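So the structure is just underneath, and the comments pick up after that.
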Amino acid sequence: MENLENDKYTRAKKRVEELKGFYVHLSIYVVINTFVLVNIYVQTDNFWQWPHFLTLFGWGLGLAFHAAKVFGANPLLGKDWEERQIQKYIDKDKEDINKYL
C-alpha cells in the first residue's frame with residue numbers, strides 16, 4: 001500500500017513540475033514578446049510588417065505544442081496514444097518471451 005501512495009505522490013509531483021514549467025514558459029513568452037513588440041512600435045513607423053511577428057508566431061507555435069503536451073490535448077495522436085503504444089510494446093515483449101518458454 002505504501003508503494004501505491006509513493007507512486008501517486010511521484011506522479012502528482014511530476015504533473016505539478018510539468019504545469020510549473022509550462023507557466024514559466026508562458027510567462028517568459030509574454031514578457032519577452034511584450035518588450036519586443038513595444039520596442040518595435042516605439043522605434044519604427046511601420047509596425048505591422050510581417051517580419052516583426054515571426055518570433056511571436058514561431059515561439060507561439062512552440063508554446064502551443066508545450067501546452068498540448070502538458071494538458072493532454074493532442075489532436076494528431078489522440079488523448080491516450082502514448083499509453084496505447086506503451087501497452088503495445090509491453091504485449092509484444094510478453095509474446096516474444098512466451099515464444100522462447
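Where a number appears in this text, it was derived from the coordinates with a stated rule and is not lab data. Just so you know, these numbers come straight off a predicted model, no measurement behind them. All Cβ positions, glycine included, derive from the backbone under ideal geometry; neighbour counts span all protein chains shown.
Below are the figures for this structure:
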| read-out | value |
| --- | --- |
| Local electrostatic count, A12, Cβ distance below 15 Å [Lys/Arg +1, Asp/Glu -1] | +2 |
| Share of Cα-Cα pairs in the chain lying beyond 21 Å, as whole percent | 61 percent |
| Straight-distance crosslink candidates among lysines, where the alpha carbon sits under 23 Å from K69 and sequence neighbours closer than 8 are dropped | K8, K13, K14, K20, K79, K88 |
| Span-like helix ranges in the chain, DSSP H, alpha carbon extent 24 angstrom or more, Kyte mean at least -0.5 | 2-43, 54-71 |
| Highest-MSF residue in the chain out of I90, I32, I40 [GNM, Cα springs under 10 Å] | I90 |
| Cα-only Debye scattering, the stretch 17-72: base-10 log of I(q)/I(0) at q = 0.15, 0.26 Å⁻¹ | -0.49, -1.00 |
